[in-house]
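To keep things clear, I will list the structure first and then write my remarks on it.
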Amino acid sequence: MSVSLVILAAGQGSRMQSDMPKVLHPLAQVPLVLHCMRAGRALDPDHVVVVVGHGADQVEHVVLSEDERAKVVVQAQQLGTAHAVAQAADALSGASGDVVVLYGDTPFISEQTLHALRAARATHDVVVLGFTAADPARYGRLVTAGDTLERIVEFKDATDEERAITLCNSGVICADRAQLFDLVAQVGNDNAASEYYLTDIVALARAQGLSAGVVICPQSETLGINTRAELAAAEAAFQARARMQALENGVAMQAPDTVIFAQDTVIGCDSIIEPYVVFGPGVSVEGGATIRAFSHLEGAHVSRGAVVGPYARLRPGAELAEDVRVGNFVEIKNATLDEGAKVNHLSYVGDADIGARANLGAGTVTCNYDGVFKHHTTIGEGAFIGSSTMLVAPVVVGAHAMTGSGSVITSDVPDGALALGRARQDTKPGLGKRLMDKLRAAKAARVKG
Ligand code: UD1
Ligand code: MG
């Protein structure tokens, strides 16, 4: 049966004390709202609708760059979670099957839990995701009778007896699309907060003879972010899990607590990640690669046998083939390095293709930017680039060609050629010592005077 997602992301998140909408704050280097979008992908949804409000344009931009098929609807005034869901009704008017409602500020819902939620629809019309809270605090309470969920009561409206319930509402709900929007349309705002509570649909459903049930997940999955402290705690929880997962997958780390992962980092088994490595978004490292200490990688792919760092920086579009070497204080951006290529020291390689087994000497720079446009550098296989060569792009250095150290290469170098683009050396016998003696004498005279 098909399913659609509705993601609520209109709230301001005033407790973040930020000009940025809450759902755009990064967790594991990815905006919060994308975490639940990515988890929801496990359900293979026909439609994804994101309800935005505060910072609508910014949130829309992030949502659409993740999934251009997503629909973004605006809830101009945040009148409550039921009102938010109602905003998605038109966007889903043609959809069949179920709707799953997720919160944009609740990033840890697992795929497994979402599948369990869907499966429970076989026995209930409305399924709510609940958790047993160690400290139920201000969460909505689930009032049950046997297997049946009778209603949800918000903390503000609950009696002392209801507040004693530890089974809480995560906010995630699943129901048939038509029934959900029908129920949501009946919700009023006669409550302590004068809000339209999505949670009220449970009692409304029961009153109409529909069944409601609970699927329970670990509390850790329902963690919602409201403050910077909660965001930091969520980051710590994410990193702890990611490190443990990497170790279980066969990644070697001497100091896992110093390694920072992104939400989508992929690392193969028998790779070595040395201390203080930071993975930004979009990195994959194949098994058997080594990332040495203090390296920073984002949007990069590292193949088997490659060694990166220490102190290397791989930026988006860095594509390293097998057995490539990228050494200390080297930056690679939007560049492919073919098998066995070496850039070992103090270099910038941007907008370039580097052939197999080419060797770029210390201090090689691709001068890719003229102040307005970016230009490409191509280096053929087996080429040898002398130390401190400036490659002024666009430029092509052929296969097995060489450049002399300190050259400024402004025109193409054919295969097998040697290019020297520097002033010829002029040596004056004895002049070095004579000059030094003269300077020392001048200094001595100055000290005396
Ligand atoms: C909600 C639940 C509560 C549950 C808790 C779990 C209701 C009435 N209450 O309470 O039972 O225990 O979540 O965290 O649903 N939002 C909108 N538009 C609105 C209001 C909210 O988009 O008009 C979004 C928020 O941005 C947020 C989510 O919906 O992502 C939840 O809203 P929030 O105000 O945090 O609800 P809670 O009071 O925490
Ligand atoms: Mg909340």
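The values are calculated or read from the model by the stated rules, or taken from the named source; none is laboratory data. These numbers come from a predicted model, not from an experiment. Every residue, glycine as well, gets a Cβ built from its backbone with ideal geometry; the counts of neighbours run over all protein chains shown. Heads up: the accessible areas ignore ligands, DNA and RNA and are worked out on the full protein's heavy atoms, side chains in. Shrake-Rupley method; radii C 1.70, N 1.55, O 1.52, S 1.80 Å.
Only loop residues by DSSP count here, and only those with at most 11 other Cβ atoms within 10 Å; note down the trypsin sites (Lys or Arg not before Pro) in the range 413-449 that meet that. Mind dumping the intermediate values first?
Details: sites: 422, 424, 433, 434, 438, 440, 443, 446, 448; in loops: 422, 424.
Within the range 413-449, the qualifying trypsin sites (Lys or Arg not before Pro) (loop, at most 11 other Cβ atoms within 10 Å) are 424.
Taking residue 433 as the anchor, which lysines have their alpha carbon closer than 25 Å to its alpha carbon, excluding any fewer than eight residues away along the same chain?
Excluding near neighbours in sequence, the set is 443, 448.
Give me the net charge of residue 83's neighbourhood, meaning all other residues with Cβ under 12 Å from the Cβ of residue 83; Lys, Arg count +1, Asp, Glu -1.
-2
Give me the net charge for the shell around residue 95: Cβ to Cβ below 10 angstrom, other residues only, Lys and Arg +1, Asp and Glu -1.
Here the charged neighbours net out to -1.
Percent relative contact order of the chain, based on C-alpha pairs within less than 8 angstrom and at least six residues apart?
Relative contact order of the chain: 8 percent.
What are the ³J(HN,Hα) values, in whole Hz, obtained from phi via the Karplus relation 6.51 cos²θ - 1.76 cosθ + 1.60 with θ = phi - 60°, for each residue of the range 414-430 in sequence order, with x given for Gly and Pro?
x, 3, x, 7, 10, 10, 10, x, 7, 5, 5, 6, 10, 10, 10, x, x
Between 266, 307, 396, whose Cα lies farthest towards the positive end of the dipole of the range 228-419 when Lys and Arg beta carbons carry +1 and Asp and Glu beta carbons carry -1, centred on the Cα centre?
About the Cα centre, the residue reaching furthest to the positive side is 307.
Using only the Cα atoms of the range 3-222, build the gyration tensor, take square roots of its eigenvalues as a ≥ b ≥ c, and label the shape rounded, prolate or oblate: rounded if a/c is under 1.5, else prolate if a/b is larger than b/c, else oblate.
rounded
Taking the Cα centre of each part, how many Å lie between the range 355-413 and the range 218-296?
If you average the Cα positions of each part, the centres end up 35 Å apart.
Could you derive backbone 3J(HN,Hα) for the range 269-281 from the dihedral phi with the Karplus parameters 6.51, -1.76 and 1.60 (θ = phi - 60°), listing whole Hz in sequence and x where the residue is Gly or Pro?
6, 6, 8, 10, 10, 6, x, 6, 9, 10, 9, x, x
How many percent of DSSP beta bridges within the range 3-222 run antiparallel, rounded to 5?
Given both bridge residues lie in the range 3-222, the antiparallel proportion sits at roughly 45 percent.
So what's the back-of-envelope 222 nm ellipticity for the chain, counting only DSSP H runs of four-plus at -39500 (n - 2.57) apiece and dividing by all residues, rounded to 500?
So the helix-based figure for the chain works out to -6500 deg cm²/dmol.
For the chain, just the Cα atoms, rotate onto the principal axes and tell me the three extents in Å, largest first.
104, 60, 42
About the Cα centre of the range 228-419, what is the dipole size in debye to 20, counting +1 per Lys and Arg Cβ and -1 per Asp and Glu Cβ, all else neutral?
Around 400 debye, computed over the range 228-419.
Within the set of other residues whose C-beta is less than 13 Å from the C-beta of residue 242, count the net charge using Lys and Arg as +1 and Asp and Glu as -1.
-2
Quick check for you: with a 1.4 Å probe and neighbouring chains kept, what is the accessible area per residue of the chain, in Å²?
47 Å²
Provide the packing ranking of 15-22, 218-225, i.e. peptides ordered by the mean count of other C-beta atoms within 10 Å per residue, highest first.
218-225, 15-22
When the accessible area of the chain is split by element with a 1.4 Å probe, what percent falls to carbon and sulfur?
After summing per-atom areas, the C and S share lands at 52 percent.
Report the one residue of 144, 367, 406 whose Cα lies farthest in the direction of the positive end of the charge dipole of the chain (charges on C-beta: Lys and Arg +1, Asp and Glu -1; origin at the Cα centre).
Projecting each Cα onto the dipole axis, the largest value belongs to 406.
State to the nearest 20 debye the size of the charge dipole of the chain about its Cα centre, where the only charges are +1 on K and R beta carbons and -1 on D and E beta carbons.
Dipole of the chain, to the nearest 20 debye: 3060 debye.
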